[in-house]
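Enquirer: Okay, here's the structure, questions in a sec.
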Amino acid sequence: MRINVAQLRRTEGGSERYQFSEIFAPIEMGKDMLVFHTPLEVQINLINTGKSLLVSGQANTRLAVNCSRCLREFLYNLDFEFEDEWIPAEFSSPDQEETALIFEKDEFSIDERILEHLFLHLPMRFVCSPDCKGLCVKCGADRNNTECNCTNEDIDPRLEILSKWNKGV
Ligand SMILES: [Zn+2]
Ligand SMILES: [Zn+2]
């Protein structure tokens, strides 16, 4: 996703709109891979504020992920908004160079920045459905499909002690 601001930079108060549909290869993320099932659709609005460019927009895609409870693969809809301020190199102060987003040429890529926003909007864990029952910790059966006969669930530890005491263990 490259934007060209040659025109916009000359018009203070002016704005431009961009629309992208970008196909991304899987991205390594810790020990997992982030797999894009559909292109990343991005809408961007640029405003020349005089000293900087205000870049805001909205993006969405579908990711192929694995449920952290039952391990099944499912498609996750990711939809997020973002807003950034890009400063042209000639207006940036030395202390800004560390933290601000700076562009040097009229045309620059914003892929990296959009992916940073994307990562910030990922959930801590993917769950296929709020009531996914997950795998049985004893036999590994998918408890969404099978009722296994394991009886280790949700035993209050205090009751467990009591039941042992009752049995004289
Ligand atoms: Zn699940
Ligand atoms: Zn089980």
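Bear in mind that the values in this text are calculations on the coordinates, not laboratory data. Since we're looking at a predicted model, the values are computed, not measured. All Cβ positions, glycine included, derive from the backbone under ideal geometry; neighbour counts span all protein chains shown.
Enquirer: Give, in nm to one decimal, the length gained when the segment between residue 11 and residue 93 is fully stretched (0.36 nm per residue of separation minus the Cα-Cα distance).
Expert: Value of the extension gain: 27.3 nm.
Enquirer: Using 7 Å Cα-to-Cβ label points, what is the residue 22/residue 60 separation (nm, one decimal)?
Expert: Here the modelled spin labels are 1.9 nm apart.
Enquirer: Next question. Could you give each residue of segment 121-136 its phi-based ³J(HN,Hα) in whole Hz, using Karplus coefficients 6.51, -1.76, 1.60 with θ = phi - 60°, and x for Gly or Pro?
Expert: Coupling constants for segment 121-136: 9, 6, x, 4, 9, 8, 10, 5, 7, x, 9, 4, 8, x, 9, 5 Hz.
Enquirer: Efficiency by 1/(1 + (r/R0)^6): what FRET value for residue 148 and residue 72, r their Cβ-Cβ distance, R0 = 22 Å, to the nearest 0.05? All intermediate terms of the calculation are to be shown ahead of the outcome.
Expert: On the way: r = 17 Å, r/R0 = 0.75.
Computed FRET efficiency for residue 148 and residue 72: 0.85.
Enquirer: Pairs of alpha-carbon atoms within less than 8 angstrom and 6+ residues apart define the contacts here; what relative contact order does segment 11-69 have, in percent?
Expert: Numbers: 106 pairs, mean separation 20.7, N = 59.
The normalised contact order for segment 11-69 reaches 35 percent.
Enquirer: Work out how much length residue 43 to residue 139 would gain on full extension: take 0.36 nm times their residue separation and subtract the Cα-Cα distance, in nm to one decimal. Walk me through the numbers on the way to the answer.
Expert: Numbers: separation 96, 0.36 × 96 = 34.56 nm, distance 4.70 nm.
Working it through step by step, the gained length comes to 29.9 nm.
Enquirer: Next up: Got the relative contact order for the chain handy, in percent, Cα pairs under 8 Å and 6 or more residues apart?
Expert: Reported as a whole number, the value is 18 percent.
Enquirer: Let me check I've understood the local charge: for residue 70, count other residues with C-beta under 9 angstrom from its C-beta, Lys and Arg +1, Asp and Glu -1. What total comes out?
Expert: Around residue 70, the surrounding residues sum to +3.
Enquirer: Using the count of nearby Cβ atoms within 10 Å as a rough guide to exposure, how do 137, 65, 5 rank from fewest to most?
Expert: Ranking 137, 65, 5 by Cβ neighbours within 10 Å, fewest first, gives 137, 5, 65.
Enquirer: Counting only other residues whose beta carbon sits under 13 Å from that of residue 97, what net charge do I get with K and R as +1, D and E as -1?
Expert: For residues surrounding residue 97, the net value is -4.
Enquirer: Taking every pair of distinct Cα atoms and averaging 1/r, then inverting, what Kirkwood hydrodynamic radius in Å comes out for the chain?
Expert: 20.0 Å
Enquirer: Residue 34's amide H: which non-local residues (gap 5+, or another chain) put their own amide H closer than 5 Å, with H modeled 1.01 Å from N in plane and none for Pro or chain starts?
Expert: Here the answer is 27, 28, 29, since their amide H atoms fall under 5 Å of that of residue 34.
Enquirer: Could I ask something else about it? Extension gain residue 32-residue 109, at 0.36 nm per residue separation less the Cα-Cα distance, in nm? Spell out each step's value before the answer.
Expert: Values: separation 77, 0.36 × 77 = 27.72 nm, distance 2.58 nm.
Gain in length upon complete extension: 25.1 nm.
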